[in-house]
Every structure is written in C-alpha cells, then in structure tokens.
C-alpha cells in the first residue's frame, strides 16, 4: 500500500499539467473563456503607470510603443516614475518628457521604495478613468490598450490582464522554456479561472484597472506585510486578490498582447521564480485563513479552482523533502527524474504548437528556431 502511494506521487506533476493545460484547452475550445465581452466604442481616458528602475535607454522603446498604440492621443497619458535608479534611466525619462510634454509626466521617488509604492505614487498624479500598470521593459502591441479597455464594458469587471510574450525567445534554453511557459499560461492555463471571471493573479507586466478600484486597494498595497515584515514583491497577485475580495471580476483577454524580456541567466531566473513562489505561498496561506469569506464572495468552485493546484504544489514539495529520510535519496531522485522527463516531453510538444499557432494568436511574436534541438540544448545560429 505504501509503495502504491509512493508511485502515485510520481503522477502529481502530470496531474497538474493535465489540469492546467488540457483542462484549459478544453475550456478555451468549448466555452467563451478566451473571448470576454467587449465594446470597442468605449473610449475613456487612460493613464499608463510606468515604474522604472535601472532600465537605461531601453525605457524609450517602452514609451514609444505606448505612444504608438491604437488609442486617441488626447485620451492617453504616461506617468513615469523613477525609483532612484543608479544609472541614467531618469535622464532618458526627462528626454522623453521634453519630446512629448503633453503626454508624459516624469516623477522620482525620494528613496528607493519598490514597484508597489511607485505605482501608487504614479496613480496620485494620474487622471485616467482606466489605469494600466506595466513594467519598464514592456513593448506594447498596437491594439493592446483597445483590447484591455474594451473589457470594461462589463460593469462588474474591475481588472483586466492580457497575454505576455517573450522578446528574447531564442537567446538560450532559459528564455526558450519561459517562452513556452508564458504561452501556455496566458493562452490556455488561465482559462480555467477566466471562465469564472475570477483570475487570481493578473501579471504586473500588463495590469489594467478601473481608477476607483485601484484607489480602493491602494492603502492595503502600501501597508502590506507578512507577519509584521514589509513585503515589496508580488504586488500584482496581492492587488488581484484584494480586487476579487471586493466582489469585482478579474479577467485575462488573450488578445491584449505585450512583450517583455525573460531572464537569461540561471541566477536571475531562480531569483524571479523564488519571488513568485514566495508570493504564491503567502497568497495561498492568506486564502486558507479566510476560506469561508472566499466561498461567500466568489463561490466555492472559483475559489477551489485557484487554491487546489497551489496546495498540490506545496504538498508535493513537502513530500520530496520528507521522502529523503523516509524512502532514501534514490527514490527522491527517481521522482525528480520522472517529473523532469514529463516536463521535457511537454515542452517539446508545446514548442511545436507554439510555432504553429503563435503568429495567429499573437501576431508579431518571435517563433522558436529548431524547437526540438533547442530544448535539447542545441542552438542553431
């Protein structure tokens, strides 16, 4: 019996893959999860909140992509705020402001405060009915603002996100794997939550909100802590959760597209994933402590869809830790090896699907060169 239970733990990663991606794909095909209600005639004033830290001249590419978006220029502003960069980012922001004085405001924090404080400070100087928080390396698709704003025709929608693509797809194995993860997450995986209008984490790369919604959660975002310790990362997940707890819908519109650069080195990727895991774990425990409230506000099914996968990940990680003294290092390595092979097989299939569909789903995205060879670590020129 114990041996059977051990063998079942080998299947947890496969179960999660099937849950997120097979389930998400079915919902995308048979429901309107990927096609939220839209009204393109709705054209309120939009404020882009752009926090900047050590981005250098690349921030100009972000600003230019925003200004080139298909949106009336008299209804668009950029509020850029430098978080005490130690490079020349602030100088480039001032250059952009001098070139576009009617569309760009430039601010600077008095001390380095983190993204969560920066976007709140930018909000205070903005005047848009819809505010869109982005990262300083984001490149907008021309239709992204129109696609995001169109979803606010539903008066119950409080926040909308989009599809985040990768710019440096073919740089190395790390960027390639992230390309596939992002693709499957935003185009397929999040459809499981999207069908309920209860997406638990809208990416901070592209996070659109009603102004009054952001104002209602701003004080909590500013003061958030974990057992008394100030928290700077994971503001996107926290804000999404607070918006949900106020009864608003949160959506992903896969047709709203922007691109960002993925980490190219292992230490950068590890640090990013560690921040995201910490944020997810904090959010999971916070949800468990208030589970009855979640059931009441968003319904049992929507809350369960969000919390069960996170619990499985935590339990599986704990199993691996306890398996070493209980079953030996060899068994733990077997579990990890089988999981690794499962993910490799999944990535190869996903790479082929990505190349076949990405130009239709997200026009302008970079295809993968030699998808099978690349995933084996062999890069073409």
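The values are calculated or read from the model by the stated rules, or taken from the named source; none is laboratory data. All figures in this text were calculated on a predicted structure; none of them were measured in a lab. Backbone-built Cβ (ideal geometry, glycine too); neighbour counts: all protein chains shown.
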For the stretch 113-132, the count of residues that are farther than 18 Å from residue 62 by Cβ and within 23 Å of the chain's Cα centre (by Cα) equals 9
Filtering the stretch 1-24 for residues that are surrounded by 16 or more Cβ atoms within 10 Å (Cβ to Cβ), at pLDDT 70 or above and more than 21 Å from the chain's Cα centre (by Cα) leaves a count of 0
Quick count over the stretch 243-277, residues being closer than 17 Å to residue 49 by Cβ and part of a strand (DSSP E or B), is 3
Of 186, 174, 200, the only residue that is buried (at least 21 other Cβ atoms within 10 Å of the Cβ) and out of contact with any strand residue (DSSP E or B) (no Cβ under 7 Å at 6 or more places or on another chain) is 200
Condition met for residue 240 (crowded, with 24+ Cβ neighbours inside 10 Å, farther than 19 Å from residue 48 by Cβ and at pLDDT 95 or above): no
In this structure, does residue 372 turn out to be in a helix (DSSP H, G or I) and at pLDDT below 70? yes
Practice task
For residue 313, indicate whether it is within 30 Å of residue 39 (Cβ to Cβ) and assigned to a helix (DSSP H, G or I).
Solution key: no
Expected single match for surrounded by 21 or more Cβ atoms within 10 Å (Cβ to Cβ) and within 16 Å of residue 53 (Cα to Cα) among 138, 151 is 138
Here, strands (runs of 3 or more DSSP E) confined to the stretch 93-207 with at least 2 residues that are farther than 16 Å from residue 253 by Cβ and in contact (Cβ under 8 Å) with a residue 24 or more places away in the chain are 104-108
For the stretch 64-75, pairs from a residue that is without any contact (Cβ under 8 Å) to a residue 12 or more places away in the chain and at negative phi to a residue that is part of a loop (DSSP other than H, G, I, E, B) and surrounded by 12 or more Cβ atoms within 10 Å (Cβ to Cβ), with Cβ under 9 Å and 6 or more apart or across chains, are 74/45
In the set 49, 93, 27, 67, the lone residue that is modelled with pLDDT under 95, within 28 Å of residue 130 (Cβ to Cβ) and crowded, with 17+ Cβ neighbours inside 10 Å is 27
